[in-house]
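Report on the following structure.
What follows is calculated from the coordinates using simple rules that are stated; it is not laboratory data. Here the structure is a predicted model, which is why all the values come from computation and not from measurement. When we count neighbours, we look across all protein chains shown, and the Cβ atoms used for this are built from the backbone with ideal geometry, even at glycine.
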Protein chains: 2
Amino acid sequence: MLRLSTKGQYGVRAMFEIARSISRGPTTIKEISERQDVSVAYLEQILNTLRKAGLISSVRGPGGGYVLSGTPDKISIGAILRELEGPVAITSCLDPREGCLRVDGCVTHLLWKALGENIESFLDDMTLKDLLEGNELMATRRRGRRQPEKIRMLHK
Amino acid sequence: MLRLSTKGQYGVRAMFEIARSISRGPTTIKEISERQDVSVAYLEQILNTLRKAGLISSVRGPGGGYVLSGTPDKISIGAILRELEGPVAITSCLDPREGCLRVDGCVTHLLWKALGENIESFLDDMTLKDLLEGNELMATRRRGRRQPEKIRMLHK
DNA sequence: TAATACTTGACAGAATTACTCAGCTATTAT
DNA sequence: ATAATAGCTGAGTAATTCTGTCAAGTATTA
Ligand code: FES
Ligand code: FES
């Protein structure tokens with residue numbers, strides 16, 4: 001239950017890949033495709049959405065690719081997913097684009113609303129920087145580095 | 001993003017309806033159908049699943065219907081949804097029935113896992129009793145009753 | 001001007017969802 | 001007994017959503 005679409009998942013992985021290569025300049029779709037095992041054609045669709053949303057910007061021509069629009073700590077997972085999959089809406093009643101007639105007096109409505117807010121704050125609080133640190137940690141784990149605070153939960 | 005299917009939603013509403021009528025004995029599908037605006041045929045399918053899972057039991061023949069297998073405080077929303085929609089699995093990688101090959105070294109895996117655990121503890125902590133109290137509260141709100149602890153968040 | 005790389009819109013197959021339907025079995029009141 | 005009530009079961013189907021592909025562009029640089 002409560003699956004994320006592949007579009008959203010690939011989108012986050014693509015953004016992570018762009019963030020990871022930040023020092024090497026623009027990242028091409030081809031590189032992302034190879035490193036994350038997602039087809040070029042599908043990534044084109046996904047990255048285009050994210051660009052229109054202003055989360056990344058593109059550089060055309062040879063040597064081009066995609067770069068983050070802001071620093072990794074300013075780009076949340078929630079922001080990425082919202083662009084690719086629309087707002088968090090456990091039920092159609094909670095989707096601002098739809099709505100519901102029997103909201104008043106509906107107990108479950110409050111339940112789903114609370115769950116949705118819970119999820120949303122989790123996603124909005126988690127950023128690309130956290131993923132980068134989590135990755136760093138994973139690579140150097142055995143050497144007993146100090147662990148960044150928020151990431152610790154990712155390794156419990 | 002992250003929608004719950006109607007099956008899960010209707011299931012929770014049906015269970016709530018059975019719990020609410022607990023003092024009046026077994027609740028019929030027809031009653032649930034009328035009170036919750038869900039077709040009898042669809043409810044048959046849903047309640048059958050919940051019965052096989054042992055969350056409710058049925059009484060056949062005239063005067064029959066469905067009754068809860070336990071007290072409302074022992075039946076969690078999570079338990080209901082798991083039966084109707086399978087385990088919480090944000091990605092297919094996290095579904096015990098599927099799995100993933102590239103788990104090791106995958107940062108997002110840890111992210112989705114943490115989110116899934118977050119959601120699951122929310123759902124497992126919330127019970128039919130909480131819904132009943134939330135409903136009670138909603139009905140008597142204006143008369144300034146004292147509010148049960150956990151339900152307060154449902155009305156923030 | 002050739003090569004690189006992003007841009008855009010349409011489209012199609014697969015999978016899932018959201019149901020309906022027909023016919024059955026068990027229980028109780030008369 | 002038997003008629004009425006009420007749940008039980010499996011199959012089937014229309015609609016929607018998902019998961020991509022494809023073709024034909026435009027912009028930039030060497
Ligand atoms: S049915 Fe829409 S809010 Fe409950
Ligand atoms: S791709 Fe399966 S765990 Fe990351």
Inter-copy separations for A:SER58, label at 7 Å along Cα-Cβ, nm, ascending: 5.6
A:SER39/B:VAL103 FRET efficiency (R0 22 Å; Cβ-Cβ; nearest 0.05): 0.55
For each pair in B:LYS7/B:LYS129; B:LYS7/B:LYS52; B:LYS74/B:LYS129, compute the distance between the two Cα atoms and list the pairs where it is over 18 Å. B:LYS7/B:LYS129
In whole Å, how far is the Cα centre of the range B:78-144 from that of the range A:1-58? 27 Å
Percentage of interatomic Cα-Cα distances in the protein assembly as shown larger than 26 Å: 54 percent
Among B:LEU47, B:CYS106, B:PRO26, pick out the residue whose Cα is farthest towards the positive end of the charge dipole of the range B:6-150, where Lys and Arg carry +1 and Asp and Glu carry -1 on C-beta, about the Cα centre. B:PRO26
For the range B:1-86, what is the Kirkwood estimate of the hydrodynamic radius, computed as the reciprocal of the mean inverse distance between distinct Cα atoms, to one decimal in Å? 12.8 Å
Hey, with R₀ at 45 Å, roughly what FRET efficiency would A:SER23 and B:SER5 work out to, going by the Cβ-Cβ distance, to 0.05? 0.55
Which distances, in nm and shortest first, link the A:LYS74 label point to the same label point in every other copy, taking 7 Å along Cα→Cβ? 5.5
Which value, in debye to the nearest 20, describes the size of the charge dipole of the protein assembly as shown about its Cα centre when Lys and Arg Cβ atoms bear +1, Asp and Glu Cβ atoms bear -1, and nothing else is charged? 440 debye
Here the cysteines of chain B lacking a cysteine partner under 4.7 Å (Cβ to Cβ) are B:CYS106
Once the label point is set 7 Å along the Cα-to-beta-carbon vector, what list of distances in nm do you get between A:GLU44 and its counterparts in the other copies? 5.0
Cα long-axis angle, helix B:6-20 against chain B (0 to 90 degrees, to the nearest 10): 40 degrees
Pairwise FRET efficiency - B:ARG60 versus A:ASP124, Cβ, R0 = 41 Å, nearest 0.05: 0.25
Computed [θ] at 222 nm, deg cm²/dmol, chain B (DSSP H ≥ 4; -39,500 (n - 2.57); rounded to nearest 500): -15500 deg cm²/dmol
Does the range B:6-150 come out rounded, prolate or oblate by the C-alpha gyration tensor, with a ≥ b ≥ c the root eigenvalues, rounded set by a/c under 1.5 and, if not, prolate when a/b is larger than b/c and oblate if not? oblate
Smallest Cβ-to-axis distance in chain A, for the rotation taking A to B: which residue, how many Å? A:LEU2, 2
State to the nearest 20 debye the size of the charge dipole of chain A about its Cα centre, where the only charges are +1 on K and R beta carbons and -1 on D and E beta carbons. 660 debye
